[in-house]
Amino acid sequence: MLAIVRSATLCGVRGHPVDVEVHVGSGLPGFAIVGLPDASCREAKDRVRAAIQSSGEDWPQRKITVNLAPSDVKKTGASLDLAIAIGLLSATDKIDPGVLERFGFLGELGLDGTVRPVRGALPMGDVIDAPSLVVSADNAAEVELLGNPVKSVRTLARLVDCLAGVDDWPDTPAGKVVSARSSALDLRDIRGQKMAKLALSISAAGGHHLLMVGPPGAGKTMLAKRLPGLLPPLSQAGALDVTRIHSAAGELRPEQIPIVYPPLRAPHHSASAVSLVGGGAASMRPGELSLAHRGVLFLDELGEFSPSALDGLRQPLEEREVRVTRAHSTARYPADVLLVGSMNPCPCGESGAPGACRCSDTARARYHRRVSGPLLDRFDLRIGVQRPVPSELFGEPEGESSDQAAQRVAEARGRALSRSGCINSALGASELDRVAPLSNGARTILENALGQGRLSARGVGRVRSVSRTIADLQDGGDMVSVEQLCLAMSLRVDPFGFNG
Ligand SMILES: [Zn+2]
């Protein structure tokens, strides 16, 4: 007897449909799985056998062959367990073959017959061509985002009864109403730091990467954590995209389904290159860079990250995508992030205050070299952040709230998108000539800075792009003024130049 069950496997952050073909025939009793299963997928044999027996069904003493088609796609993980068990029960007439027309199946089986949630249920559910999906109850909320009917179960025994019509389907957990953005983190909580707050708005409006350099206690982390609150909420497609990535990484928490606000990821500086960028030998998963897709990647203590980890970020930041190639597959992970870095001005952190620094010149030079050159070049905005003075700490909260700043950011983004179809950080040189023409005075200032070596050719382009964003935040005028250009240049200082 042959049964074919529809399911899927995970390739990167995308699902790939899989037909699970189960054949039960004569011959020596045995159980083989073919069709490029990885180690954990091959172990389905033992899980499925135990789960079926624990569910009160007999194990057929026949020759069982499971083929996972198409055979040229590597099948990873345990998500096919449930489909294999259902196929086996159907091939041995325990389940009416007709039900296989109506459902696709996704789930891992426990030895006691429980149906467990799987990583990547959302992207996998997306590619299964079936009228309805059966998943673990813990996967139901995310799979429901796809808009198709979903049945959720907790045990294989209950599932068999439901499919046979002798029991009712359990209620699928109700989808929750998405709450408003938690504005627990507001810009107004931060005293002083006028320039840094301005830089945050510019960063959010134009998609400009931001580097903050300052001593410990200056508030760099507080500032960075408020950046996602300035970005517009995700579009419906964007929310599905981001939720899909978090699902594929196994990082989707029930209370955050679907993810509708830009995520913030802040990996520790001991993070490996793989955990930052993605990939991995055993099972490929998206890294922090992709988990921050459409949101903010905050690298606190940038100078403490390993050089190889930082090096791995450069290309994906440029291409807004991570590509990982392995023997049987190439995975592409989206990685369109706003990068925020923070650093102390020197290893001891005190070189801002005269005479306070205890570092040797070589230690300082080594520290600065870590973020020199190509990586530093990625930051359009580089600012110094100082500790607030006492009068600021005890004054009244001042300046814009996060909601007010987000409103201005949304307007500025709207201007950029309707003018050139992209945010300003993505503008090329020729487009800048068209959309950010310089006033005569501004042109002279840039020419002088280039002539005196204060700006590189690339730097000129980045400053023009930032000044376009400043104009969009202010008045949306066609021409970049001297004031706007000077502000952009003052937000791109040598981060270690003000060390004294
Ligand atoms: Zn120092």
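Miscellaneous remarks
- For the range 161-306, accessible area per residue (1.4 Å probe, heavy atoms of protein chains only), Å²: 40
- Distant-in-sequence amide contacts of Leu252, defined by a placed amide H-H separation under 5 Å and a gap of 5 or more residues or a different chain, comprise nothing.
- For the chain, the Cβ-based charge dipole about the Cα centre amounts to some 1360 debye (Lys, Arg positive; Asp, Glu negative; other atoms uncharged).
- Ordered from largest to smallest accessible area (heavy atoms of protein chains, 1.4 Å probe), the residues Trp59, Trp169 come out as Trp169, Trp59.
- Net length available on complete extension from Leu450 to Val389 is 18.4 nm, with 0.36 nm assigned per residue and the Cα-Cα distance removed.
- Three-way shape label, the range 11-56, alpha-carbon gyration tensor, a/c 1.5: prolate
- Efficiency of FRET from Cβ geometry, Lys194 and Arg358, R₀ 41 Å, rounded to 0.05: 0.85
- Evaluated over the chain, the count of Lys pairs having alpha-carbon atoms less than 25 Å apart is 15 (only pairs 8 or more residues apart or interchain).
- Whole-Hz ³J(HN,Hα) from phi, Karplus 6.51 cos²θ - 1.76 cosθ + 1.60, for the range 111-127, glycine and proline x: 4, 8, x, 6, 9, 9, x, 10, 6, x, 4, 5, x, 6, x, 4, 9
- If you sort the three axes of the alpha carbon gyration tensor as a ≥ b ≥ c, you get a/c of 1.5 or more for the range 361-441 and a/b no higher than b/c, which makes it oblate.
- Cβ-placed point charges (K, R +1; D, E -1), dipole of the range 346-500 about Cα centre in debye, nearest 20: 800
- Bridge orientation summary for the range 1-117: considering DSSP beta bridges with both residues in this region, about 75 percent are antiparallel.
- Sparsely packed loop sites in the range 289-358 (the trypsin sites (Lys or Arg not before Pro) outside DSSP H, G, I, E and B with at most 15 other Cβ atoms within 10 Å) comprise Arg320, Arg358.
- Relative packing of 415-425, 135-145, which averages over residues the other C-beta atoms within 10 Å, highest first: 135-145, 415-425
- Residue-averaged [θ]222 nm for the chain, counting only DSSP H segments that reach four residues, each worth -39500 (n - 2.57): -10500 deg cm²/dmol
- Once the Cα-Cα distance is subtracted from the 0.36 nm per residue extended length, the Asp129 to Asp377 segment shows a gain of 84.7 nm.
- For the range 2-131, the per residue solvent-accessible surface stands at 40 Å², with DNA, RNA and ligands left out and a 1.4 Å probe.
- Working note: Karplus 6.51/-1.76/1.60 with θ = phi - 60° gives the range 442-458 the couplings 5, 4, 4, 4, 5, 4, 5, 4, 5, x, 8, x, 7, 9, 8, 4, 5 Hz, where Gly and Pro are set to x.
- Across the accessible surface of the chain, with the other protein chains kept in place and a 1.4 Å probe, carbon and sulfur atoms take up 51 percent.
- For the range 328-454: accessible area per residue (Å², 1.4 Å): 52
- Positive end of the dipole of the chain (Cβ unit charges, origin at the Cα centre): among Thr469, Pro258, Gly451, the Cα lying farthest that way belongs to Gly451.
- Taking a sphere under 14 Å around the Cβ of Phe379 and counting the other residues whose Cβ falls inside, with K and R at +1 and D and E at -1, yields a net charge of +4.
- The figure for Asp361 is an accessible area of roughly 120 square angstrom, using a 1.4 Å probe on the protein chains alone.
- Heavy-atom accessible area, probed at 1.4 angstrom with all protein chains present, ranks Ser391, Ser235, Ser40 as Ser391, Ser235, Ser40, highest first.
- Projected label distance in nm at Val482 and Asp167, using a 7 Å step from Cα toward the beta-carbon: 8.0
- For Ser351, the residues 5 or more places off, or on other chains, whose built amide H falls under 5 Å of its own are Cys346.
- Amide H contacts of Lys151 (H built 1.01 Å from N, under 5 Å, at least 5 apart or other chain): Leu133, Val134, Val135
- Separation of the range 303-344 from the range 81-151 is 34 Å, based on Cα centroids.
- Summed residue charge, Cβ within 11 Å of Ala237's Cβ, Lys/Arg positive, Asp/Glu negative: +1
- The range 196-326: C-alpha gyration tensor shape, a/c 1.5 cut-off, then a/b vs b/c: oblate
- Highest mean first, the peptides 394-405, 447-458, 463-474 sorted by other C-beta atoms within 10 Å per residue fall in the order 463-474, 394-405, 447-458.
- Working from label points 7 Å from Cα in the Cα-to-Cβ sense, the Lys63 to Ala39 distance is 3.0 nm.
- Share of alpha-carbon pairs per 20 Å distance bin for the chain, given as whole %: 21, 43, 25, 10, 0
- Note on Glu396 and Ala271: the extension gain reaches 41.1 nm, defined as 0.36 nm multiplied by sequence separation minus the Cα-Cα distance.
- For the range 415-427, the Karplus equation 6.51 cos²θ - 1.76 cosθ + 1.60, evaluated at θ = phi - 60°, returns couplings of 4, 5, 5, 6, 7, 10, x, 8, 6, 5, 5, 8, 6 Hz by residue, with Gly and Pro reported as x.
- As a calculated quantity, the FRET efficiency between Val493 and Glu318 at R0 = 25 Å, using C-beta atoms, amounts to about 0.60.
The values are calculated or read from the model by the stated rules, or taken from the named source; none is laboratory data. Since the structure is predicted, the reported quantities are computational estimates derived from the model, not experimental observations. In this analysis, Cβ positions are derived from the backbone assuming ideal geometry, glycine residues included, and neighbour counts consider all displayed protein chains. Ligands, DNA and RNA are excluded from the accessible area calculation, which covers all protein heavy atoms including side chains. Shrake-Rupley method; radii C 1.70, N 1.55, O 1.52, S 1.80 Å.
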